[in-house]
Amino acid sequence: MKRRIFLNGSMNIDGNTARLAEEVFQGFDYTPINLAEHHINQIGQNISGQSDDFHNVMKQLIMSDDIVIGTPVYWSSMSGYLKTFIDRFADTLDAPLAGKRVYLIIQGTAPDDAVPFITNVICHLCRRFQMKYMGLATNSSEASKLHNLIVNIK
Ligand SMILES: Cc1cc2nc3c(=O)[nH]c(=O)nc-3n(C[C@H](O)[C@H](O)[C@H](O)COP(=O)(O)O)c2cc1C
């Protein structure tokens, strides 16, 4: 059985980003990970030995097959929740993520300026960790195309 994760970079756990992820995974079981509900330190930040949730979240990604990464646009960029999490990948450069399928969701009121930048970051991450970038959805019609990719995975 395939394990599916929705990594939600929105401050809203039931917002537009989550709604589009639901459309991508429609009918399939998946586990949402709401970064807003986790404490993830900034890279290099060591607050008096205080541990954070980074490795727990990373473990869930390592155990998954399909990962939807979702972010709203905040000030023409990805959310800080997601950027902070992605920066921390530098702490686990040997994480066994190769072959995982990654789908990207971006939500915004006028996201066009941010889409190429965010897509570039996610593609960079996928290349570095040998994950398979499957595509982007910014609306229902594109979400439906990503859904069809998931349906057709053997
Ligand atoms: C702090 C902040 C900054 C935002 N900046 C942008 C922006 O630069 N461009 C844009 O298209 N939308 C921007 N938005 C709108 C959100 O991206 C949009 O409402 C999105 O659908 C929210 O997704 P959510 O419901 O998952 O939180 C901003 C929203 C917030 C809260």
Inset, instruction - Look through the range 13-34, keep the residues that are polar (S, T, N, Q) and more than 10 Å from the ligand (Cβ to nearest atom), and return whichever of them is surrounded by the most Cβ atoms within 10 Å (Cβ to Cβ). - result: N34
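Restricting to the range 1-12, and then to whatever is more than 8 Å from the ligand (Cβ to nearest atom) and closer than 14 Å to V68 by Cβ, can you tell me which residue is surrounded by the fewest Cβ atoms within 10 Å (Cβ to Cβ)?
Across the range 1-12, the extreme among qualifying residues is K2.
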Legend entry - Test: residue in the range 84-91 that is part of a helix (DSSP H, G or I), among the hydrophobic types (A, V, I, L, M, F, W, C), closer than 13 Å to C126 by Cα and within 15 Å of the chain's Cα centre (by Cα): yes
Inset, instruction - Being exposed (fewer than 15 other Cβ atoms within 10 Å of the Cβ) and without any contact (Cβ under 8 Å) to a residue 12 or more places away in the chain is the filter here, so list the residues in the range 57-92 that pass it. - result: K59, W75
Legend entry - Of all residues making up the range 92-142, the number that are within 16 Å of the ligand (Cβ to nearest atom), closer than 20 Å to Y30 by Cα and charged (D, E, K, R): 1
Legend entry - Filter pass, V57 being in a helix (DSSP H, G or I), more than 16 Å from the ligand (Cβ to nearest atom), touching a helix residue (DSSP H, G or I) at 6+ places or on another chain (Cβ under 9 Å) and among the β-branched types (V, I, T): yes
Inset, instruction - Quickly run through the range 120-144 and pick out the residues that are assigned to a helix (DSSP H, G or I), buried (at least 16 other Cβ atoms within 10 Å of the Cβ) and either in contact with a His (Cβ under 7 Å, 6 or more places away or on another chain) or not charged (D, E, K, R) (or both). - result: V121, I122, L125, C126, A143
Inset, instruction - Please give the number of the condition I122 fails out of (1) at positive phi; (2) touching a Leu at 6+ places or on another chain (Cβ under 6 Å). - result: (1)
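Computed from the coordinates by the stated procedures, all read-outs in this text should not be read as laboratory data. All figures in this text were calculated on a predicted structure; none of them were measured in a lab. With ideal geometry, Cβ positions are generated from the backbone for all residues, glycine too; neighbour counts draw on all protein chains shown.
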